[in-house]
Amino acid sequence: MKIRWYGHSCFSFTAQDSTRLITDPFDGSIGYKIPHVDADIVTVSHDHYDHNYTEAVSGLPVIVNSPGTYKIKGIPITGVGTYHDELQGEKRGGNIVFIFEMDDLKICHLGDLGHVLTREQAERIGCPDILLIPVGGTFTIDATAAEEVINQLEPKLIIPMHFKTKDVSLPIAPVDDFLEQVGGGKMMDTCYLDITRQTLPVIPSVWVMNYK
């Protein structure tokens, strides 16, 4: 499976059979270059401009933007309802955590999760191989809460997202705060990752991708 990070919470996942899934495409207002890409499936965690710009995705993709269980292009997808804040959505509404399976790997994209998971939510999500987790705070969980969520889900590979970079305009924390909280991680010099079950880390590891 090939992973590409476009910045913020937007990733593409391309299976060996070329099926491609995109998560949370953004518009141009946050500072990153809009990701114009073909896809078969687009998941949208919530209806905010920095996560729902599906117009940028070509190829007539199936858009999944609600909780439930799906199977699209042979890919099992589960959407688990959560919240965008710690007050059960009173401040920023709902959020959908998406779990999908591709090339014998289980991936979990937490969207703009704003709280530590309940026991029921954690059980529904299960233990993913790869966890995409927001760490910038303000609009999502911060570094401390992110570490707690990681402990709840016990993933093998943790990829942080939704943090401050020199190109993003939102008032969120840089990834450094999260890395200090969890004891460091691997800084990658690429926006691409080619991974299989055989090349997953042996012990839980944090890899920080470069969106350039």
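Evaluating L60 against the criteria (1) surrounded by 15 or more Cβ atoms within 10 Å (Cβ to Cβ); (2) touching an Asp or Glu at 6+ places or on another chain (Cβ under 9 Å) leaves one unmet condition, (1).
Within the stretch 83-102, not a single residue is modelled with pLDDT of 95 or more, assigned to a loop (DSSP other than H, G, I, E, B), farther than 19 Å from Q121 by Cβ and not charged (D, E, K, R).
Whether any residue in the stretch 174-185 is touching a Phe, Trp or Tyr at 6+ places or on another chain (Cβ under 9 Å), in a loop (DSSP other than H, G, I, E, B) and closer than 27 Å to G28 by Cβ is what I want to check.
Of the residues in the stretch 174-185, the ones touching a Phe, Trp or Tyr at 6+ places or on another chain (Cβ under 9 Å) are 174-178, 185.
Those still in the list that are in a loop (DSSP other than H, G, I, E, B) too: 185.
Now narrow it down to the ones that are closer than 27 Å to G28 by Cβ: none.
Checked the stretch 174-185: no residue is touching a Phe, Trp or Tyr at 6+ places or on another chain (Cβ under 9 Å), in a loop (DSSP other than H, G, I, E, B) and closer than 27 Å to G28 by Cβ.
Scanning the stretch 17-45 for residues that are at positive phi and buried (at least 21 other Cβ atoms within 10 Å of the Cβ) turns up just one, D24. Considering the conditions (1) touching a Gly at 6+ places or on another chain (Cβ under 8 Å); (2) surrounded by 13 or more Cβ atoms within 10 Å (Cβ to Cβ); (3) of a type in the set (S, T, N, Q), Q152 is excluded by exactly one of them, (1). Exactly one residue out of I30, I63 is of a type in the set (A, V, I, L, M, F, W, C), in contact (Cβ under 8 Å) with a residue 12 or more places away in the chain, more than 20 Å from P128 (Cβ to Cβ) and touching a helix residue (DSSP H, G or I) at 6+ places or on another chain (Cβ under 9 Å), and it is I63.
The values are calculated or read from the model by the stated rules, or taken from the named source; none is laboratory data. For clarity, every value in this text was computed on a predicted model and none was experimentally measured. Here Cβ is always computed from backbone atoms with ideal geometry, including for glycine, and neighbour counts include all displayed protein chains.
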